[in-house]
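Taking it in order: structure first as structure tokens, then the write-up.
Throughout, read-outs are computed from the coordinates displayed, never taken from laboratory work. Please read all numbers here as calculations on a predicted model, not as lab measurements. Positions of Cβ are generated from backbone atoms using ideal geometry, with glycine treated the same way; all protein chains shown enter the neighbour counts.
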Amino acid sequence: MLAFAGLCAAEHAQAARNPLAPRQPDFVPRAKRVIWLFMHGGPSQVDLFDPKPELTKFAGQPLPESFGQVMTRRDVAKNPLLGPIKPFRPRGDSGIEISDFLPHLAECADDLFVIRSMHGDSVNHPQSVYQMNTGSILMGKPSVGSWVAYGLGSENQNMPAFVVLPDPGGGLKGGPPAWGSGFLPATYQGVTMRPGAAPILDLRPQEQITAPQQRNILDLVQRLNQRHLLERAGDDELAARVSAYELAFRMQAEAPELVDISQETEQTHSLYGLDSPRTKEFGQRCLLARRMLESGVRFVQLYAGGTVGWDAHDNVLKNHTEHCEKTDKPIAGLLHDLRQRGMLDDTLVIWGGEFGRMPMSEQGKGRDHSPWGYSYWLAGAGIRGGRTYGATDAIGLRATEDKVHVRDFHATILHLLGIDHKYLSVLHHGLEERLTGPTESHVVQAVLS
């Protein structure tokens, strides 16, 4: 026991010195890296990935009483069922039905594993954003990317393990805590980056300071910090701050080159839609995400949709047309590019928002929030595509078959990365905290088959 304690102490000291050092997974992983395409605002499952003939048949009629009291009787009459906005068609060899909203992604149907039975616990944006990103509807818990960085470290010591590419069109409902590190050391929080000459604000030193001068300043600060740290052994937050200074210096050289997408070919620019004003912005971020994965970044999260995003309360057609046109071609281009570079086999691509939308109408042409049953899809990481899993009821209101709670979804993501969700934990205020929480969670085995 004394020897074991000594080994643990040595391991802890090494982690404190370099918290982003690469670590071995619990078992052989399917995925080495992740891109999460987060569609902020709540895309409509019944208009994109979950066709419902019954919804088409009974469009314009009140919600049948057999589907339960999600609305008052007055609102049931006021908000009749709204049929799918655009038609669904079988796609690819698999015949998965995908809406005409997504013509480019439809060409990738045989790569997609579509979960049609996701469900969560809140009808509000901030709480649902937190739950999908951190496992809890409460603010302040570590995000999925932070847990992955904590569990696996980084493959590139000059770059953070977890990078976030926010939508420049506005803030996220819930804000930066969605990619925060919570009670984990600050080293593991998402680092926000953007295309252009200044990928990270305030990273470059002032022009009059040369690289050797910057190195000398940092070395002095590090020596003082290390002396300070020796007197405060076990202070993880201080150790994380010391590590962050060193990482920031190394990023000064690597990050600007990494975001220089002018190095890419004209064909690649076209593949991601950089030759069109409509798709250029999101396409740049998708291309940047691929370059980050190549450089060794472990987890990249892209947010699509500004402050409002896919939140189609008053007009699904207008809202989803705009956001599908911005994202459809770049996402399809990303999948094609990953495949042709041999990266899709060990890269997990995730698509979805914080919840879905109701089959009933709102304000005539819109839809309200629905956390009771919505769609997500996965691709890559050795997952056999061209399949759907689970189902919602006849009108797409609630998950009814092979239901996948957000906790189960997180357990599955970790499993694909070679991490057992039950053992990825940290002691916080006397409790063993984990991404999937204290409630029993299950890996979706169908994803692995």
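Observations, loosely collected:
- Residues 266, 97 arranged by fewest to most Cβ contacts within 10 Å: 266, 97
- Rounded, prolate or oblate (a/c below 1.5 giving rounded, otherwise prolate when a/b exceeds b/c) for segment 389-449 by Cα gyration tensor: oblate
- Separation of segment 315-335 from segment 126-189 is 24 Å, based on Cα centroids.
- Segment 41-63-segment 388-439 distance, computed between alpha-carbon centres (Å): 26
- Packing-based ranking of 294-301, 416-423 yields 294-301, 416-423, ordered from highest to lowest mean Cβ neighbour count within 10 Å.
- Listed values for segment 35-41 are Karplus-derived 3J(HN,Hα) couplings in whole Hz (6.51 cos²θ - 1.76 cosθ + 1.60, θ = phi - 60°), namely 10, 10, 8, 8, 8, 5, x, and x replaces Gly and Pro.
- Scoring 427-438, 51-62, 161-172 by mean Cβ neighbours within 10 Å over their residues and listing the highest first yields 161-172, 51-62, 427-438.
- Checking the Cα-Cα distances for 141/422; 173/365; 86/329; 329/403 against a 20 Å cut-off, the pairs over it are 173/365; 329/403.
- Coupling constants for segment 109-114 follow from the phi torsions by the Karplus curve (6.51 cos²θ - 1.76 cosθ + 1.60, θ = phi - 60°), and in residue order they are 3, 6, 9, 9, 10, 9 Hz; glycine and proline get x.
- This ranking places 425, 44 by how few other beta-carbon atoms lie within 10 Å of each, fewest first, which gives 425, 44.
- Difference of contour (0.36 nm per residue) and Cα-Cα distance, residue 265 to residue 365: 31.8 nm
- Residues 362, 401, 281 in ascending order of nearby Cβ atoms (within 10 Å, fewest first): 401, 281, 362.
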